Amino acid sequence: MAEFLPRLDPVVHSAWNANAPVSREQADAFDRDLPYRIDTPRGPITAIPFTTEVNDFPLVIRYGNEPEAFVRALASILEGWPEIGSPPACLDLTAHAHVFGRPAGAMAFKAAIKRAQQARVRFADGALVD
């Protein structure tokens with residue numbers, strides 16, 4: 001997996017700040033469906049879209065769903081994708097240790113990974129765009 005720039009204060013932690021950590025990826029793009037190159041004064045980086053459809057924090061903490069909702073959300077997307085023409089896109093499976101770090105969450109995350117593997121999706125990291 002790629003090591004991403006932190007999703008914190010965009011002024012302090014950005015590719016445009018000379019004092020920011022050096023990284024080739026930034027997982028804080030919400031404007032496109034696929035990774036793309038951004039040229040910065042410090043060199044090129046890959047902007048990787050961050051999606052929230054399959055994210056434990058809003059599903060479980062904000063909306064009060066059980067961990068299995070994570071798996072159902074992913075299954076719904078994977079099963080419905082052909083109906084919209086199967087366009088290329090990035091989809092994050094996001095789990096936080098403080099939310100899914102207990103057995104029920106870990107089991108749901110593992111089930112989601114297995115479901116994605118069965119769907120034959122391509123698992124990628126930040127090395128997609130040069």
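The values are calculated or read from the model by the stated rules, or taken from the named source; none is laboratory data. Here the structure is a predicted model, which is why all the values come from computation and not from measurement. Backbone-built Cβ (ideal geometry, glycine too); neighbour counts: all protein chains shown.
State whether one or more residues within the stretch 2-18 are polar (S, T, N, Q) and either modelled with pLDDT of 85 or more or surrounded by 17 or more Cβ atoms within 10 Å (Cβ to Cβ) (or both). So that I can check it myself, show each step before the final result.
Initial filter on the stretch 2-18 (polar (S, T, N, Q)): 14, 17.
Now drop any that are not either modelled with pLDDT of 85 or more or surrounded by 17 or more Cβ atoms within 10 Å (Cβ to Cβ) (or both), which leaves 14.
Within the stretch 2-18, one or more residues are polar (S, T, N, Q) and either modelled with pLDDT of 85 or more or surrounded by 17 or more Cβ atoms within 10 Å (Cβ to Cβ) (or both).
Could you grab me the full set of residues in the stretch 35-73 that are within 19 Å of Ala119 (Cα to Cα) and either at pLDDT 95 or above or of a type in the set (D, E, K, R) (or both)? Spell out the reasoning first.
Filtering the stretch 35-73 for residues within 19 Å of Ala119 (Cα to Cα) gives 51, 53-55, 68-73.
Selection gives Glu53, Glu68, Ala69, Phe70, Val71, Arg72, Ala73.
Taking Ala104, is it aliphatic (A, V, I, L, M), touching a residue at least 24 places away in the same chain (Cβ under 8 Å) and surrounded by fewer than 16 Cβ atoms within 10 Å (Cβ to Cβ)?
Numbers: aliphatic (A, V, I, L, M): yes; touching a residue at least 24 places away in the same chain (Cβ under 8 Å): yes; surrounded by fewer than 16 Cβ atoms within 10 Å (Cβ to Cβ): yes.
Here the answer is yes, as Ala104 does meet what is asked.
Here are the criteria: (1) surrounded by 15 or more Cβ atoms within 10 Å (Cβ to Cβ); (2) in a loop (DSSP other than H, G, I, E, B). Tell me which single one Leu78 does not satisfy.
Checking Leu78 against (1) surrounded by 15 or more Cβ atoms within 10 Å (Cβ to Cβ); (2) in a loop (DSSP other than H, G, I, E, B), the one that fails is (2).
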